[in-house]
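Written below as structure tokens is the structure these notes are about.
The values are calculated or read from the model by the stated rules, or taken from the named source; none is laboratory data. Source: prediction; values computed, not measured. Quick reminder, even Gly has a Cβ in these numbers, built from the backbone with ideal geometry, and neighbours come from all protein chains shown.
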Amino acid sequence: MPVSALLAESIQVALHHSNSDSDHGDNFAPAQTSTYVTSSDSPRRQSNAARGRRTSARRREQCRINLARYRLRQDQKVQLLNDTVTKLREEVPLLELQRDRVLFGTKQSVFNVVVEYFDLFRHGVRLGSHVQDTHVQQQQAFLRCVIASDVRLGERQGLNVQWRRYSSYFEDLNFQLEHVDERVKNLVTVSAFMTVTISEATLKHIFPHLMNTELGETLLGRRLVLPCLLCFEWDDASSQVVRLEMTVDFLTPMSRVLNSLSDTAFVLGQALIPLDGSIGKLDTDT
């Protein structure tokens with residue numbers, strides 16, 4: 001066989017083997033891998049998810065608690081600030097009065113005190129007024145600064161208590177200065193009028209024996225003009241009123257209203273009105 005023929009046959013045999021190896025190689029190509037979830041993986045994932053939800057719930061609850069605590073602290077700070085502001089406002093009239101007394105102490109006299117007293121208490125005290133009421137603050141500052149702490153109007157009750165009684169037991173109170181007289185140095189007598197209207201509270205607290213009676217009905221709504229006599233004793237050393245006495249004449253206006261001496265005697269005979277200007281029971285603060 002010629003050489004060229006042998007060479008051609010050898011090339012064909014080599015090509016045949018090469019194709020065979022390629023076909024077999026394709027059969028041994030790596031197969032694609034697949035991931036399978038086993039039955040034991042599902043409960044584990046559910047447990048992890050539940051644990052995550054519980055953790056999130058706890059975090060939300062803790063955040064809610066922290067926020068509530070923060071708001072509480074803020075509210076407490078605001079309340080403390082409001083209380084401080086209220087207290088400072090209460091002190092302003094007293095401080096102003098003390099400042100004026102320091103600046104004008106040499107000019108301060110019992111006459112000035114009497115005029116200021118009638119100006120501040122012309123309509124009694126404002127019951128139920130908020131502490132921030134400027135007029136109420138001025139009244140309290142005057143009593144604390146100008147009137148000695150042991151001064152009383154009545155046998156047992158203090159001046160402030162009696163003013164609260166007059167203001168609550170009567171209606172439409174009007175306290176009017178008439179005349180001031182200083183016969184002795186630092187001892188002033190004052191004549192005045194207190195005009196009031198008799199109410200249910202008047203009968204209950206001052207004339208309880210007239211409740212549900214014809215006389216009581218007659219007096220309800222009647223206007224009384226009560227003559228008053230006051231005595232102020234002034235102390236130069238302390239620049240304060242150290243004694244204050246007051247008498248109120250119920251007899252004259254009551255007899256004019258009732259126009260009967262016997263009825264007047266009955267009304268006033270059992271009335272809770274001592275001779276010292278105080279009214280109401282002695283064993284109560286209101």
key: Filter pass, LEU177 being closer than 17 Å to ARG122 by Cα and in contact with a strand residue (DSSP E or B) (Cβ under 7 Å, 6 or more places away or on another chain)   = yes
ask   = Applying the selection to segment 237-249, what residues are out of contact with any Cys (no Cβ under 9 Å at 6 or more places or on another chain) and surrounded by 18 or more Cβ atoms within 10 Å (Cβ to Cβ)?
value = VAL241
ask   = What is the residue count in segment 236-270 for residues that are out of contact with any helix residue (DSSP H, G or I) (no Cβ under 8 Å at 6 or more places or on another chain) and within 25 Å of LEU215 (Cβ to Cβ)?
value = 11
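Residues are listed down the side, and each one gets a yes or a no for (1) touching a helix residue (DSSP H, G or I) at 6+ places or on another chain (Cβ under 8 Å); (2) at pLDDT 95 or above:
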{"position": "ASN186", "(1), (2)": "yes, no"}
{"position": "MET194", "(1), (2)": "yes, yes"}
{"position": "SER199", "(1), (2)": "yes, yes"}
{"position": "LEU226", "(1), (2)": "yes, yes"}
{"position": "CYS231", "(1), (2)": "no, no"}
ask   = Are any residues in segment 149-175 aliphatic (A, V, I, L, M) and at pLDDT below 85, and if so, which ones?
value = VAL151, LEU153, LEU159, VAL161
ask   = Just to be sure, is LYS107 exposed (fewer than 12 other Cβ atoms within 10 Å of the Cβ) and either modelled with pLDDT of 55 or more or of a type in the set (Phe, Trp, Tyr) (or both)?
value = no
ask   = What number of residues within segment 129-146 are at pLDDT 80 or above and under 12 Å from the mean Cα position of the chain (by Cα)?
value = 0
